[in-house]
Each structure stands twice: as C-alpha cells, then as structure tokens.
1. Quick one: Debye curve from the alpha-carbon atoms of region 76-222 only, equal weights, vacuum; give me log10 I(q)/I(0) at q = 0.20, 0.21, 0.22 Å⁻¹ to two decimals.
2. Normalised by the number of residues in region 265-367, what is the relative contact order in percent for Cα pairs under 8 Å and 6+ residues apart?
3. Just need the Rg to Rh number for region 168-265, please, alpha carbons only, Kirkwood Rh.
4. What value, in deg cm²/dmol to 500, does the helix sum -39500 (n - 2.57) over DSSP H runs of n ≥ 4 give at 222 nm once divided by the residues of the chain?
5. What share of all Cα pairs of the chain, in percent, falls into each consecutive 10 Å distance bin?
6. Can you tell me the orientation of helix 242-252 relative to the chain, as the angle in degrees between its alpha-carbon axis and the longest Cα principal axis, to the nearest 10?
7. Can you work out ³J(HN,Hα) from phi for every residue in region 290-300, in order, using Karplus 6.51 cos²θ - 1.76 cosθ + 1.60 and θ = phi - 60°, giving whole Hz and x for Gly and Pro?
8. Using the Karplus equation 6.51 cos²θ - 1.76 cosθ + 1.60 (θ = phi - 60°), what ³J(HN,Hα) coupling, rounded to whole Hz, does each residue of region 162-171 give in order, writing x for Gly and Pro?
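Every number here is computed from the coordinates shown, using simple stated rules; none is lab data. Note that the coordinates shown come from a computational prediction; the quantities given were computed from them, not determined experimentally.
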Amino acid sequence: MTQDIIQQLGEVQTPLYYYDLPLLRETLTVAKNAADRYGYHIHYAIKANNNPRILREVSAQGFGADCVSGLEIERSIAEGFAPSDIVFAGVGKTDREILIGLENQIMSFNVESVQELHVIGDLAKEHELKGRIALRINPNVDAKTHHYITTGLDENKFGIMMHELTNCLDIINANAYLELVGLHFHVGSQITDLNVFKRLCLKVNEWNAWFYERGYDVPVLNLGGGLGINYTEPDEEAIVNFNNFFYLFHEFLDVRAHQQIHFELGRSIVANCGTLVSRVLYIKEGLKKNFAILDAGMTELMRPALYQAYHKVELIGAKTIEESEKNEIKHYDVVGPICESSDCFGKDVILPVLKRGDLIAIRSTGAYGEVMSSRYNLRQELQYFFKD
Ligand SMILES: *Cc1c(COP(=O)(O)O)cnc(C)c1O
C-alpha cells in the first residue's frame, strides 16, 4: 500500500492523515458478517476516530454508536447513527450531556456511579423523559494490556462497585422515569489475548445470574470493546479475526433466549485504515545514535508518548528491509519536532538510509490518532487524504 500512497499524494503538505476507505468498508463488512452470525450488535466507539467522513462510512453500514460525551452523541446523530442505537458511557457525564442523551432518547446510559444514577433519575423526572439505564459493572478482570488502557480492575475509576448494586436497583425501582435495560462491561483496550474475554464471559455469566435470581431479566448484555489489532504486521493482518472473537462469546456466554448481546468496538474497526504520513526534515548523525527528525510529532500522534505504543514506521516507496543490502539500511531514532523527550515514534528503527524530504508512513494510526492531536507548540492544522 505504500507505493499506492506515494502515487496518490504527490507533492502534498505533511503531516497528513491518510485514510483508506475501501479497507475501512471491508473491515466493517467482515465485522458485521461475523457479528450477524450470532445476532450480535456492534456499536462503533466514536472516541477512536470521530472524523465525519469515517463516521458516515460506519453509520451507512448499520452500526450503532458508543459515545463518551454529549458532543459525540450530537455528532454521531448528525453523521447518520440512529439515537436508538447510541449508548453513552463515561464516569463524568455533565448535566448538559445527560440531557442531550435524554432528549434524544438514546438506547442506554452506561451508568458508572450511584450518584450519577441519582442525577440521571432527577433530570429524567424533571423533564418527563425516560432514562434507559445499563449498569456498568466492574468485573475485576485483568486485561493484561498497558496499565493506562486497563479499565476493568477494582483499582480503576470505571464502573459501579459490587456492594452498591442493590442500592442502584432500589433507585431505579423508586423512579418511574428510569428503566433498567442492561448490564455493561468493558475491561480495557488493545487486548490480544482472547483468554481475557473468556474470563470476562465467566464473570458476566455470574452477574447475569445474580440479577436474574433477584427478578431482573435484563434484556441487554453489553460486553464493551477492547479487541486488539496487530500493530507489528499491519499488512499481514489488515483485518482482525472478528470470527474468532465473536465465536468465543458464543461459546462461553450463557444467554437467555431473548437477551441481546452488544459490543463496543473502536480500535479494531478503524486502526488499520489510517496512516500518518510525514516528511523527514533532518537527519542528525549522533555519536551513539542517528536521529530522523520528522515534521509529525506527538501533537499529531500521541500514543507512543502517552503509553509507549508501537507503530510500524516505513519509508514510503522503498524496498522492504528484507530486500535491502546491509549498506542500504541504518538504525534511527525516529523523533518529532516537539520540545519533549517523549516525542519519539520509535527507537533503533531499522530503515533504508534516509534523507531530507523522504516520506515516512506511521502505520495503523486510524484509532486514537487524529482524535488525540493537539495544538501544543501551536502546530499547523492537520491535513487529510481519503482514498476512496
Ligand atoms: C474506549 C471504549 C471502548 C472502545 O475500546 P476499543 O479498545 O477501541 O475497542 C468501548 N467501550 C468503552 C466504554 C470505552 O471506553
């Protein structure tokens, strides 16, 4: 695909996010077919990438949306998602954001604390609008991923604590404007060990039974997202194995006949369709290291600085490293222009010998890339290119 980029980009301005829409569409089709096999529903996690062009592609294929702010709800509706397919999570929903959800009659508020439940209940009553509630239960399952993207442990801020669940049920029962529609779980992100999801299933079964024994036959089980992608070999595994993922839930989840199973996938849908394209500004031959200084930095892609994330770095239009002679390659620390030492895309990256002006591809940046960009150092506006 890199040759393909160079032909289409020509003399474009960088840094730029390149989105491969045919790959996105194919990913959506594969994911949807895999989920349809078991009647599962997918909500796309808007926070992974909220670019309107991307959102239109996702909504056009009939996905629901998973939002974490009021503006995400408004944008998803504007870009074609049905309000009745929108779920709303987040530990800090403001009154205004809750009202946006109530007024649009979204599918569910994924409630994360007792106090939040009270506030939703009061606002629903005041405005005479129905508040549909899914209780986010912290299943205490270790996602075995980076600690910054682990969310399902007792020590994390997410979800309702187990000893508070009875209290939550009392609050819901006491308010005619609240309705319990589901249970919600989400254990973390970039999970590549499917055993984590198996452990999640076993916990969900326990909670599903716990509620049933108390007379609550909840219609929806929302298992969250977190399916990881292959950042090392984005071309060998451009689309993750959604079949294996959904099959695992089919195998281990105890579902009652009418219960609906929902997922909230972000990264696995959009990560691989994005590439950050950047130009080499300078080469600095150090005493111990060579530095390739790019015109993109942590302001365009924060993941490496934020959680030591790996992204494959390639010279666009070049031979592969395997095809190159020894004297045609070098080790580089690939860094950005921002005044922070953490502004580094990779250390000791083996690349063809680079020169000023070369185009570099930073791969698999469609998720948590553009959305996390900032104006730190008063950087110029990002550029886009959509391959259609
Ligand atoms: C971020 C998030 C997701 C999506 O996670 P991915 O790893 O991108 O699939 C799903 N649900 C909730 C509640 C989230 O916070």
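1. Treating every Cα as an identical point scatterer, log10 I(q)/I(0) equals -1.26, -1.33, -1.40.
2. Relative contact order, region 265-367: 43 percent.
3. Over the Cα atoms of region 168-265, Rg/Rh equals 1.07.
4. After summing the helix terms and dividing by the residues of the chain, the value is -8500 deg cm²/dmol.
5. 5, 22, 30, 23, 13, 6, 2, 0
6. It works out to around 30 degrees.
7. 9, 10, 9, 9, 9, 8, 9, x, 5, 6, 9
8. For region 162-171, the Karplus curve yields 4, 6, 9, 5, 4, 4, 4, 5, 4, 4 Hz.
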